[in-house]
1. With runs of 4+ DSSP H residues as the only contributors, calculate the mean residue ellipticity of the chain at 222 nm using -39,500 (n - 2.57) per run, divided by the residue total and rounded to the nearest 500.
2. Can you compute the FRET efficiency between Asp464 and Asp531 using 1/(1 + (r/R0)^6), with r the Cβ-Cβ distance and R0 = 35 Å? Round to the nearest 0.05.
3. Could you work out the relative contact order of region 81-204, using alpha carbon pairs under 8 angstrom and six or more residues apart, expressed as a whole percent?
4. Considering Cα pairs under 8 angstrom that are at least six residues apart, work out the relative contact order of the chain and quote it in whole percent.
5. Counting only chymotrypsin sites (Phe, Trp or Tyr not before Pro) that sit in a DSSP loop (anything but H, G, I, E, B) with at most 13 other Cβ atoms within 10 Å, what is the longest stretch of the chain containing none of them?
6. Hey, what angle do you get for helix 189-201 against the long axis of the chain, alpha-carbon based, 0 to 90 degrees rounded to 10?
7. May I ask you to derive the FRET efficiency for Ile489 and Ile116 from their Cβ-Cβ distance with R0 = 25 Å, giving the value to the nearest 0.05?
8. Once the Cβ-Cβ distance between Lys244 and Gln222 is put in as r, and R0 is 25 Å, what FRET efficiency do you end up with, to the nearest 0.05?
Amino acid sequence: MKRHMRYQAAVLVLALLVSFSSYAAGDPLRYQQWALHNDGSFTAEEAYTVYQNTDGFGITDAVTAGIDINITAARENYRAVRPVTVALIDTGADISHPDLTDAIWSNAGEIADNGIDDDGNGYIDDMHGWNFTAGDNILYAGSEDNHGTHCAGTIAAAAGNGVGIEGITAGAPVRLMILKVLSGSEGTLESVIEAIRYAEANGAAICNLSIGAERLEPPLYQVMNESNMLFVVAAGNRGVDADKQPMYPAAFDLDNVISVANIQPDGTLMPMSNYGVKSVDIAAPGTLILSTVNGGEYGYMTGTSMAAPMVTAAAALVYSHYGDAALAEVKQILLDTATPLESLSGMTVSGGLLNIGAALSAGEPPDTPPQPAEPVFADIAEHWAERDISEMAERGLWNGTGSGMFSPQGSVSRAMIATVLWRLAGSPEPADAPEFSDVADSEAYYYKAVAWAAENGVTEGYYDGSFRPGVPVTRQQLAALLFRYANSIGADTSARGMLTDYGDWHSFQIWALEPCAWAVGSGLMIGRSADTWAPNGEATRAEAATLTSRLAAMTERE
């Protein structure tokens, strides 16, 4: 049975509010963005002509100067140290909107519109993200994608381009990966889970989830718990104490989740916003928010859906600014620097309003804006596995293929993966020489590694006594090698996932069932698509580097 998620904008609740104002190009709309620049002069009159009736919302007419996210100080303090990819898991988005075209993530491993899965990630022509509702790369279908378009503009609309609004991350190296899981207002849990896996596999660090459901879904909890991404989630629009009446995934008690409530222009909690001193972390502006909508236009929306992207954008700036900060530290910085408000005391974990200016001055920023770091290898720039490949190379676990290249789509040999795992184990000295007929050259780079791997049950030879060091490794063979390595060092390998969820489950070899089920259940490996695991497909160097990076994080954490 399909399990449904809905977006967290107030336009979902009251049909009266599904209208948007239209403006001519060039209008100085930033002055209607009270959330960024609140000098007390914001007037809701124009917004009310769009909403027509706000009685059901309880939106205030009052405006208090200074109730904003302190973007002016943020602009002064910010220095770009590293690029950030933000996954927008929502409806689709109008990626051709004039305020958004330069803010969209591009898949460097894919060639547009050639009908080929160039990067081997299981998705054909996924240049800017994926449509999980239709199973294609069409990210925009008109008015049903207003919600995601609005969220996108808040985060990353261009500034100083003579049109429209000012996005919070404008000018920063922040790009939006568009992952459509909602058609209109509803979508399935399965699509959300697949989108999360896609986002992480393709390099996203932060994920905006302005969606929610009242039912606790363990599979969603599991995939978020196992993820290395930071999730910024809308708290919900029921006006209830979320500690007692939780909305998920906002209420997940996870270190990598930030739950966001909705503040009005006068600094009061919006009556329809959920709150919770244990389960809602911070508040941000979410009432009468002006942003991009479909067709190159602009419109107002209200809801915790609008507040969450404010925090997502802030998280992206903080992560980009503090080059050594972990995502868990980003969350803590945002909560620690929130502006305390009496209206939020006892209502949220931080008791405060998002303050990006303070967040970007919480530590020691770089003296001068450094140049973007060159990738370790010339052919992994903006590749979905760049972060993991670079980390593994810097740790000395993976080498390139010569001439400054890594060859991410190249195959992985048996000798190569044995050597990487041997290095991960600390390059121990084997007790004896390898006993394989074709591993006799003691000068070969893999000589000691193969001996160690055989002694510790990580690898085996063939029936004829050979090892066949140059033979490429398949995905199920790679899972088996990682599984055996984890067992050899005493790591927990009890997790099990369902292989029968994949249409090609019958292609698994019997000996690979347990290792592959562990790889899936532990979150180490996912299919190449929603329906295909490709157990007999050759593992690529990018896949293997990513998986050994995850394995290292998993086993070193234990």
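Quick note: the coordinates plus some simple rules give every number you see, no bench work behind them. Just so you know, these numbers come straight off a predicted model, no measurement behind them. Heads up, the Cβs are rebuilt from the backbone with ideal geometry, glycines too, and the neighbour counts pull from every protein chain shown.
1. Working: 14 runs with 147 residues, N = 558.
After summing the helix terms and dividing by residue count, I get -8000 deg cm²/dmol.
2. Step by step, r from the Cβ atoms, then E = 0.40.
3. Over region 81-204, the number comes to 37 percent.
4. On the way: 1280 pairs, mean separation 85.0, N = 558.
Reported as a whole number, the value is 15 percent.
5. Result, exposed sites excluded: 1-444.
6. 60
7. Values: r = 39 Å, r/R0 = 1.57.
The value I calculate is 0.05.
8. Numbers: r = 24 Å, r/R0 = 0.97.
Efficiency computed from Cβ-Cβ geometry: 0.55.
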